[in-house]
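Input: a single structure, listed below in structure tokens.
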Amino acid sequence: MRAHEAGALHGDIGSRGPAWLRTPVDVNALVPELWPRNVARAADGALTVAGRSVRDLAAEFGTPVYVLDEDDLRSRCRDFRAAFPTEDVYYAGKAFLCRAVVRMIAEEGLHLDVCSGGELATALAAGMPPERIGFHGNNKSVAELSRALDAGVGRIIVDSFQEIDRLTALARERGVRPRVLVRVTVGVEAHTHEFIATAHEDQKFGFSLAGGAAIAAALRILDEDVLELRGLHSHIGSQIFDASGFEVSARRVLALQAQIRDARGVELPELDLGGGFGIAYTTQDDPATPADLAKRLRKIVDGECAAERLAVPHLSIEPGRAIVGPAVFTLYEVGTVKDVDGIRTYVSVDGGMSDNIRTALYDASYSATVASRASVAEPMLARVVGKHCESGDIVVKDEFLPADVQPGDLVAVPGTGAYCRSMASNYNHVPRPPVVAVRDGQARLIVRRETEEDLLALDVG
Ligand SMILES: Cc1ncc(COP(=O)(O)O)c(C=O)c1O
């Protein structure tokens, strides 16, 4: 069992930081790989994004605020489209979804994955063509499935026998033939730099390959002939840098494809290899480009298809983090700086685990910089923490900030586009921050700040 976040983290020595973290030569310098493409430090020392100073953004929208570099997000969509021109790229909306982002990814030619009625409603409200929507989830309700069918979503990724039963009944009632993929649990689990391939698939998602559920599901759908089985789907994890996990999963899933062909004489036309492509949160991370990824995935799929004597299926992928993660930074204001003698300096900002739970939840690492000014002070190892009543409320575990960091400074944390606003909570009744999109010198609010009135509006007792 993992130790309590605060306990484990308090255990290490503060003054030196982790081995990978180097003292910067210039504490004001930005590491370009960690920041949205249109972020720079201006002559006055403040960061700008697409020509707008963070000082102006803080004055106009308040802090904390998620700042989206819209052209960065769009350029990442285009990079994926260019790298996968004949494949389909589904943006995984769970990473971050709002109407403006749905429109951006639709305009850039991407498809969209949703995994709940709420995400589906957001996609439809923004005008996403339903045929470009895929619907995921291990426990889709009858109401959600009905809505997806009535909207005409392009594909539903089925996850259990009960869901097949429900969807079959709903399709019969409506006289429709929904397109489905079978989500296969391939026994590969990949996170960050490592992957493990296990015989046993102990998780809630998908149909087990090793246990025989996956082939049974596929054959049942083919035999009943109510749903249109388009292909198999596998998603192996998150923040993956190493293609070998995809290699093992593609091998296993294509072997299943061959078994289905041998059993029923049907070659499924599609294959989805999921998402999980890693991004750079800190200087430790060295992600592949979409072009590299495309080359590697195609090589893997082509090789396995040749080995199984299968026609190469139409491929799709589902990047979430790799599209939106690097396009956003969170801007906070420093409220308190506390030097805990001989251990470390705690820099408290006006948000925390309610706007970024990943550090506490996954032990994630982030970077940070003082964003409102340049400093001539020496670099000082600091920990950026939030304002919540939880000692595990850490935003950035270890970062060098200038030793003169002080209340009123703005601190920016890059790489917060994915799984931060979408996982945000109201812990301690802290209202959730807004999202501001900046493009060509113009900033526009795309998700407004939650207010205390919003919180009280739900509280009807
Ligand atoms: C089925 C599926 N596809 C895609 C993704 C997106 O993963 P990422 O944002 O790491 O690319 C997830 C994430 O959990 C997922 O469960």
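The values are calculated or read from the model by the stated rules, or taken from the named source; none is laboratory data. All values reported here derive from a predicted model rather than from experimental measurement. As a convention, Cβ positions derive from the backbone with ideal geometry for all residues, glycine included, and neighbour counts pool all protein chains shown. What goes into the accessible areas is simple: the full protein's heavy atoms, side chains included, and nothing from ligands, DNA or RNA. Shrake-Rupley method; radii C 1.70, N 1.55, O 1.52, S 1.80 Å.
Tabulated data
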quantity: Kirkwood Rh (inverse of mean 1/r, distinct Cα pairs), the range 242-292, angstrom; calculated: 13.3
quantity: Ellipsoid equivalent to the chain - semi-axes via the Cα gyration tensor, in Å; calculated: 41, 24, 21
quantity: Geometric extent, Cα atoms of the range 323-394 - Rg, Dmax (angstrom); calculated: 12.9, 41
quantity: In nm, spacing of pseudo-spin labels at THR23 and ARG99 (7 Å Cα→C-beta vector); calculated: 5.2
quantity: Cβ-Cβ FRET estimate between LYS204 and VAL31, R0 fixed at 30 Å, reported to 0.05; calculated: 0.20
quantity: Semi-axes of the equivalent ellipsoid for the range 322-461, Cα gyration tensor, largest first, Å; calculated: 25, 19, 14
quantity: Prolate/oblate/rounded label for the range 278-365 (Cα gyration tensor, a/c 1.5); calculated: prolate
quantity: Probe 1.4 Å - accessible area at ARG166, Å² to nearest ten; calculated: 80
quantity: Average accessible area per residue (Å²) across the range 321-432 - probe 1.4 Å, nucleic acids and ligands excluded; calculated: 32
quantity: Added length on full extension, which subtracts the Cα-Cα distance from 0.36 nm per residue, SER425 to ASP225; calculated: 67.7 nm
quantity: Dipole moment magnitude, nearest 20 debye, the chain about Cα centre, only Lys, Arg, Asp, Glu C-beta charged; calculated: 760
quantity: Built amide H within the under 5 Å cut-off of ASP113, gap 5+; calculated: TYR91, ALA92, GLY93, GLY134
quantity: Dipole of the range 7-123 [Lys/Arg +1, Asp/Glu -1 at C-beta], most positive-end residue of SER116, SER53, LEU97; calculated: SER53
quantity: THR283/ALA403 FRET efficiency (R0 22 Å; Cβ-Cβ; nearest 0.05); calculated: 0.60
quantity: Exposure ranking of CYS389, CYS420 by accessible area [1.4 Å probe, largest first]; calculated: CYS389, CYS420
quantity: Amide H within-cut-off set for GLY392, under 5 Å, with H built and near neighbours excluded; calculated: ALA6
quantity: Within the chain, helix-based [θ] at 222 nm, where runs of 4 or more DSSP H residues each add -39,500 (n - 2.57), nearest 500; calculated: -9000 deg cm²/dmol
quantity: The range 266-309 - Rg (one decimal) and Dmax (whole number), Cα, Å; calculated: 14.1, 47
quantity: 3J(HN,Hα) from dihedral phi, the range 450-459, Karplus parametrisation 6.51/-1.76/1.60, rounded to Hz, x for glycine, proline; calculated: 6, 10, 5, 5, 4, 5, 6, 5, 7, 8
quantity: Whole-Hz ³J(HN,Hα) from phi, Karplus 6.51 cos²θ - 1.76 cosθ + 1.60, for the range 280-286, glycine and proline x; calculated: 8, 8, 9, 5, 5, 9, 10
quantity: Dimensionless Rg over Rh [the range 201-270; C-alpha; Kirkwood]; calculated: 0.99
quantity: Point-to-point label distance, THR86-ARG174, nm (Cα→Cβ direction, 7 Å offset); calculated: 3.2
quantity: For PHE207, residues with placed amide H under 5 Å, excluding near neighbours; calculated: ARG183, VAL184, THR185
quantity: Rounded to the nearest 20 debye, dipole of the range 153-210 from Cβ charges on Lys, Arg, Asp, Glu; calculated: 520
quantity: Centre separation in Å (Cα based) which lies between the range 81-157 and the range 310-352; calculated: 24
quantity: Area of GLU70 that stays accessible when all protein chains are in place (1.4 Å probe, Å², to 10); calculated: 10
quantity: Surface accessible to a 1.4 Å probe, LYS204 within the full protein complex, Å²; calculated: 130
quantity: Share, in percent, of DSSP beta bridges within the range 112-247 that are antiparallel, nearest 5; calculated: 20
quantity: Table column - 3J(HN,Hα) (Hz), the range 162-167, Karplus curve with 6.51, -1.76, 1.60, x for Gly and Pro; calculated: 4, 5, 4, 4, 4, 5
quantity: Overall Cα dimensions of the range 128-176, principal axis frame, Å, largest first; calculated: 28, 23, 14
quantity: Solvent-accessible ranking of TRP35, TRP20, largest area first, probe 1.4 Å; calculated: TRP20, TRP35
quantity: Average projection area in nm² (convex hull over Cα atoms of the range 50-141, one quarter of hull surface); calculated: 7.5
